[in-house]
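Down below is the structure, laid out as structure tokens.
The values are calculated or read from the model by the stated rules, or taken from the named source; none is laboratory data. Source: prediction; values computed, not measured. Cβ coordinates were reconstructed from backbone atoms using ideal geometry, including for glycine residues, and neighbour counts include every protein chain displayed. Remember, those area values only see protein heavy atoms, side chains included, never the ligands or the DNA or RNA. Shrake-Rupley method; radii C 1.70, N 1.55, O 1.52, S 1.80 Å.
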Amino acid sequence: MRVREKGDRGVVQSVVMFLGVSVLSGALAAGLAIPFAGLAGFTTEKTSDTLQDLPQQFDEVPLKQKSTILAADGTVIATLAEQNRVPVKLKDVAPIMQKAIVAIEDDRFYEHGALDAKGTLRALLQNQSAGTVQQGGSSITQQYVKISLVEKAKTPEEVAAATADSYQRKVAELRYAIAVEKEYSKNEILEKYLNLANFGDGAWGIQAAAQHYFSVNASQLTLPQAAMLAGLVKNPTGYDPTNNMKRAKDRRDIVIRRMLELHVISVAQANSALKTPVLDPAKVRPNKLGCANGPYPFYCEYVVAQLENNPAFGKTEKDRANYIKTAGLTIRTSLDPKIQKAAQHSIDVHSKSTDQAIAAITIVEPGTGLVKAMVQSKPYGGKRNQTSYNYNVEKSYPGGYGGFQNGSTMKAFTIAAAIEKGIPLNYKIKSPDTLDLGDTKFQTCSGTTRAPGYTPSNSTHNVPEPTMIQAAQKSTNTYFLLLSKQTGLCPIAKIASALGMYNAQTGEPLDQVVSMTLGVGYVTPLQLSSAYAAFAARGMYCTPWLVTSIKDAAGKSVPIRGADCKQALPQQVADGVNAVLHQVMQTGGTGAKLNFGKSDLAGKTGTITENKAVWYAGYSTRLAAASVVADASLPYRNLIGQTLDGEKMHDASGSGTAGPLWMTAMQGALQPYPTTHFVAPSDKTQRGDVKSLPFVNGMNPDDAANKLRQAGFDVAIAPGTVNSEETAGTVAYTDPRQRDGAPEGSLVTIYISNGTQKGQPQNTPNPPQNTTKPPGGPTTINPNCPPWNPKYPNCTGRGHR
């Protein structure tokens, strides 16, 4: 009994002392010298130490603001946020909202100082009786401080300290509140509080709450709407109308009645508000935060991954991720919704999400590297027939699949290496259907390599000695293997690397192996489209560019990199590649059926071993794209027999399977662009860096062969004879012709005369093809220019326009 009396006296004494000090606002402002000695659990020494440790000023917490990712045209791709918040000025908050929050949370807000003594006394009595903190009594200023301290907390321990049910925390909040009241006006404090408070269901701050629950701005809130929002701050989850409409209405009605009690509103207003439904579900805007809830989740996540890799946004990846989600950034990207729509249309037309095979397309802009579109057949998600893998990008990105072997699309880099070495576009190589390369050494950057037992063959039929253009048209494997032997693998590897090609699984350079020209390593549609874009841009390679501008919450530009381009190939080399790959899409080429429109197009097919992936990569001067159809599920199997567009495939090829995806996408994407043409390769590029051939017409074939070998050429004598005015049994002419010359070490074929004088050979090995191009196009290389005799100049070697 005596103990209780002592406790009662302690309570009364503590309350009286607390109230007395509270009234002395001047003393509070001077240092908060509160004698807490009588409060349970506190000693004078502990209180003194606590007070001395508290800072004298309050550092305002930066508001966590949502960041927005935009497409190139300004449409929203995604909203990134830890807290969905849009800060507003108090003048942009409806007066009725201001009155509602003050009425229910701190009706004497404009009358008292840092704390409300009356409210604090009431809470203190209740808490002291219970022995713990059971009731609030905090002013709006104190609530603002508390929320701010929680916002500042970076660790679970800091969060626990900021929310602890202890008098230490209350004292700390009070001292901070005094500092806030000294620095800001009441209206400024109310504005900060309304922008910081949690209004439930992912809405932080009054503007986001008004838009989320009612689809209006904070300035347009009505009495019942304001009352509902004001009631939420006490328990944002418990009073959330999307969780429990009845509880939300009960709480809203308490706010309305309190406003009536304080004479903030009239009886008529109160009665009308009480009859109003608490919420119209049709007007609730879902908080679709994050890339997964946007229209282009794969592209968006790749953008975010790039941003999180930028050390300018923080020291660690965690810091950078937090900054991006909380800094209120406006991030504009390269994605063009119209081009994205065209690519998506192609995916929709040629594939289904339920297919066993996957399909993917990336489209980039030559000369800038801007990634205009990125689509795939499997939609984003964790359900059946969905995936979180992005099949267009490298594995170093967390969601990146890491690519597929690129097959014969690799031949474009061999063509570039050959042209750079000075090999003519009409350079012929005897190319058997099957080639034994088991003992053949290929030069690499560090020595030589071999492939024992390697006997590659051709998948398409071609002439026995095709030119580079003919070999590209038919994708003749044995030709390009022999061409790569002549160029060496190192130049091919260096060109591929300079054009952004590397192993997308490991990040390592592509392997320099004998079969390199037929496909090597794993590459992505993004890599391949960017590399081919360099050919379209006359050798200018641009690193893929996704983020074009960033502005901070104040609208100030944040420094970022712009276009990152370099002249990776001489223009004339790229022009030569374009001329060769342009012919792939002309009559006789594997891409002929994919040609459309009036603009020049160039491209290359790709099929890997056992048809596990097929490609088509192609471009105009305005856009470049790479499409792939592949098996992306272990164990990888032949595409033949798997489903694509809901049907089993009976064939799988770059031209017939991946090609239509490329064509449909590019037809739509290029539709707004004007007609464009490639720059014609120079005469030197066409002819190559050739060495003069000795004139051997009329000589004995064996003597002529020895003379040519002594000059540094390989020699073959064609079977049979041809019409010529030269003496029968002697050399009628050579191929290449003496006038055109040939690269050192290249094959020169001797044709033997039959003594007639017809002027044209009877067994011309390569009959001419129609390679004409509409006026305005590039000079078209005639891949079948017949051998030339000085007395009968039947071929100029320039082809036709």
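Per the conditions (1) in a helix (DSSP H, G or I); (2) crowded, with 21+ Cβ neighbours inside 10 Å, the sole criterion not satisfied by residue 320 is (2). Taking the range 557-604 as the range and being assigned to a strand (DSSP E or B), open to solvent by 10 Å² or more (accessible area, probe 1.4 Å) and within 20 Å of residue 365 (Cβ to Cβ) as the test, the residues that pass are 565, 566, 567.
Pairing residues of the range 230-258 that are closer than 19 Å to residue 287 by Cα with residues that are open to solvent by 60 Å² or more (accessible area, probe 1.4 Å), at Cβ distances under 6 Å and at least 6 apart in sequence or on separate chains, gives 239/247; 240/201; 242/201. When residue 216 is tested against the conditions (1) β-branched (Val, Ile, Thr); (2) open to solvent by 50 Å² or more (accessible area, probe 1.4 Å); (3) part of a loop (DSSP other than H, G, I, E, B), the lone failure is (2).
Matching residues to (1) assigned to a loop (DSSP other than H, G, I, E, B); (2) open to solvent by 30 Å² or more (accessible area, probe 1.4 Å):
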residue: 234; (1), (2): yes, yes
residue: 243; (1), (2): yes, yes
residue: 250; (1), (2): no, yes
residue: 256; (1), (2): no, no
residue: 264; (1), (2): yes, yes
residue: 270; (1), (2): no, no
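Is it true that residue 459 is open to solvent by 50 Å² or more (accessible area, probe 1.4 Å), touching a helix residue (DSSP H, G or I) at 6+ places or on another chain (Cβ under 8 Å) and touching a residue at least 60 places away in the same chain (Cβ under 8 Å)? Yes: the conditions hold for residue 459. Taking the stated definitions as given, is residue 282 within 30 Å of residue 371 (Cβ to Cβ), of a type outside the set (Val, Ile, Thr) and open to solvent by 20 Å² or more (accessible area, probe 1.4 Å)? Answer is no for this residue. For the range 688-705, the count of residues that are over 25 Å from residue 465 (Cα atoms), in contact with a strand residue (DSSP E or B) (Cβ under 9 Å, 6 or more places away or on another chain) and not in a strand (DSSP E or B) is zero. Tell me, please, whether a residue that is assigned to a loop (DSSP other than H, G, I, E, B) and either at pLDDT 65 or above or touching a Ser or Thr at 6+ places or on another chain (Cβ under 9 Å) (or both) can be found in the range 116-129. Yes, some residue in the range 116-129 is assigned to a loop (DSSP other than H, G, I, E, B) and either at pLDDT 65 or above or touching a Ser or Thr at 6+ places or on another chain (Cβ under 9 Å) (or both). Restricted to the range 400-421, and to residues there that are open to solvent by less than 10 Å² (accessible area, probe 1.4 Å) and assigned to a loop (DSSP other than H, G, I, E, B), the residue that is nearest to residue 486 (Cα to Cα) is 406.
Scanning the range 712-749 for residues that are within 22 Å of residue 686 (Cα to Cα), of a type in the set (Gly, Ala, Ser) and either without any contact (Cβ under 8 Å) to a residue 60 or more places away in the chain or assigned to a loop (DSSP other than H, G, I, E, B) (or both) yields 712, 741, 745, 746.
Anything in the range 311-340 that is of a type in the set (Ser, Thr, Tyr) and under 12 Å from residue 80 (Cβ atoms)? List them, or say none.
Selection gives 323, 326, 330.
Only a single criterion out of (1) buried (at least 17 other Cβ atoms within 10 Å of the Cβ); (2) on the phi < 0 side of the Ramachandran plot is not satisfied by residue 549, namely (1). Being more than 23 Å from residue 307 (Cβ to Cβ) and either part of a loop (DSSP other than H, G, I, E, B) or open to solvent by 10 Å² or more (accessible area, probe 1.4 Å) (or both): is that true of residue 506 here? Here the answer is yes, as residue 506 does meet what is asked.
Got at least one residue in the range 713-724 being at pLDDT 50 or above, among the charged types (D, E, K, R), within 28 Å of residue 577 (Cα to Cα) and open to solvent by 20 Å² or more (accessible area, probe 1.4 Å)? Yes, because at least one residue in the range 713-724 is at pLDDT 50 or above, among the charged types (D, E, K, R), within 28 Å of residue 577 (Cα to Cα) and open to solvent by 20 Å² or more (accessible area, probe 1.4 Å). In the range 610-633, of all residues being closer than 19 Å to residue 401 by Cβ and polar (S, T, N, Q), the one that is nearest to the chain's Cα centre (by Cα) corresponds to 627. Put simply, of 621, 685, 657 the only residue that is open to solvent by 20 Å² or more (accessible area, probe 1.4 Å) and either farther than 24 Å from residue 589 by Cα or touching a residue at least 40 places away in the same chain (Cβ under 8 Å) (or both) is 621. Regarding the range 737-747, can at least one residue be identified that is surrounded by 13 or more Cβ atoms within 10 Å (Cβ to Cβ), polar (S, T, N, Q) and at pLDDT below 95? Scanning the range 737-747, I find at least one residue that is surrounded by 13 or more Cβ atoms within 10 Å (Cβ to Cβ), polar (S, T, N, Q) and at pLDDT below 95, so the answer is yes.
Put simply, of 214, 199 the only residue that is free of Cβ contacts under 8 Å to residues at least 40 places away in the same chain and of a type in the set (Phe, Trp, Tyr) is 199. Test residue 428 against the stated conditions and say whether it is crowded, with 24+ Cβ neighbours inside 10 Å, within 22 Å of residue 510 (Cβ to Cβ) and among the charged types (D, E, K, R). In short, no.
Starting from the range 466-490, keep only residues that are touching a residue at least 60 places away in the same chain (Cβ under 8 Å), then list their pairs with residues that are of a type in the set (Gly, Ala, Ser) and in a helix (DSSP H, G or I) whose Cβ atoms are within a distance under 6 Å, requiring at least 6 positions of separation or different chains. Correct list of pairs: 475/408; 483/418; 487/417; 487/418.
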